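In what follows, a structure is listed as structure tokens, so that the remarks can point back to it.
The values are calculated or read from the model by the stated rules, or taken from the named source; none is laboratory data. None of these values were measured; they are calculated from a predicted model. Methodologically, a virtual Cβ is constructed for each residue, glycine included, from the backbone with ideal geometry; neighbour enumeration extends over all protein chains shown. We work out accessible area using only protein heavy atoms, side chains counted, and drop any ligands, DNA or RNA first. Shrake-Rupley method; radii C 1.70, N 1.55, O 1.52, S 1.80 Å.
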Amino acid sequence: MAAAAVMLQALCRFCRVLLFLFQFYILSGGESTDIPPYVMKCPSNGLCSRLPADCVECKTNFSCVYGKPVTFDCTVKPSVTCVDQDFKSQKNFIINMTCRFCWQLPETDYECSNSTSCMTVSCPRQRYTANCTVRDHIHCLGNRTFPKMLYCNWTGGYKWSTALALSVTLGGFGADRFYLGQWREGLGKLFSFGGLGIWTLIDVLLIGVGYVGPADGSLYI
């Protein structure tokens, strides 16, 4: 009897372990169902020809003539579903596009990083190296991320109209220079009464034509 009781207890413990493992398996989602990251960009059951470039794989021809229309054979990636014009599911389709590399696209077809460490008001105007990425719905040849030299075009929130108004009305006290963050020039105008009016007139002209800008190098808004 004692041996039977011990065997029964061991069997109960074994069943509890199996139950725990089964519950853990259910809560963890059972089999692995990892979804590729690109699937989040791919609309389900949309037109295959309208899918973002990250959702398809195309047989590109780099020997096509630049600027000419070209057709490429494409296949949707795994876990991506799409349809044709008749709303029938398909995996293989064609894409019509213009033969050109991604870095040759118009500026409206890609997004670039901004730089706040370069001077926008300078002569000559400064450039910076930006990292650009093609928009999802645009198809092109080559790398979809590329560097490009762009003009500095960021803004710090300074208004040209406000700076000009301060220069005309309170320029003799350096209010325009203080507003633009140029404290040294502002103090110089303040204690010299606007350079006896000469400095004030010069600043009105320089701010009016946009030659004098914010001290942080940003553009006016």
Pairwise centroid distance, computed over Cα atoms, of segment 61-126 with segment 156-171, Å: 42
Which of LYS148, LYS88 is most accessible, then next, and so on - probe 1.4 Å: LYS88, LYS148
Simple spin-label estimate for ASP109/ILE202, 7 Å along Cα→Cβ, in nm, reads 4.9
Which whole-number value in Å³ per residue fits the convex hull of the alpha carbons of segment 160-209? 51
Segment 41-99: radius of gyration and largest Cα-Cα distance (Dmax), Å: 11.9, 34
Accessible-area value, ILE35, 1.4 Å probe, nucleic acids and ligands omitted, Å²: 120
Averaged per residue, what accessible surface does segment 160-209 expose to a 1.4 Å probe, in Å²? 58
How are the C-alpha pair distances of segment 65-221 spread across 5 Å bins, as whole percents from the shortest bin up? 2, 8, 13, 12, 10, 9, 8, 6, 7, 6, 5, 5, 4, 3, 2, 0, 0
Pop out the carbon and sulfur fraction of the accessible area of segment 104-221 as a percent, whole number, probe 1.4 Å. 62
Stokes-Einstein diffusion coefficient for segment 101-154 at 10 °C in a medium of 1.306 mPa s, Rh from the Kirkwood formula over Cα pairs: what value in µm²/s? 133
Sort 212-221, 70-79 for me by packing, meaning the mean count of neighbouring Cβ atoms within 10 Å per residue, highest on top. 212-221, 70-79
Taking only Cα atoms of segment 111-194, radius of gyration then Dmax in Å: 19.4, 61
So how do MET97, MET119, MET149 rank on accessible area, 1.4 Å probe, biggest first, that is with the largest at the start? MET149, MET119, MET97
Once both label points are put 7 Å beyond Cα along the C-beta direction, the ARG50-ASP84 separation in nm becomes 1.8
How much accessible surface area, in Å² rounded to 10, belongs to the heavy atoms of LYS41 with a 1.4 Å probe? 100
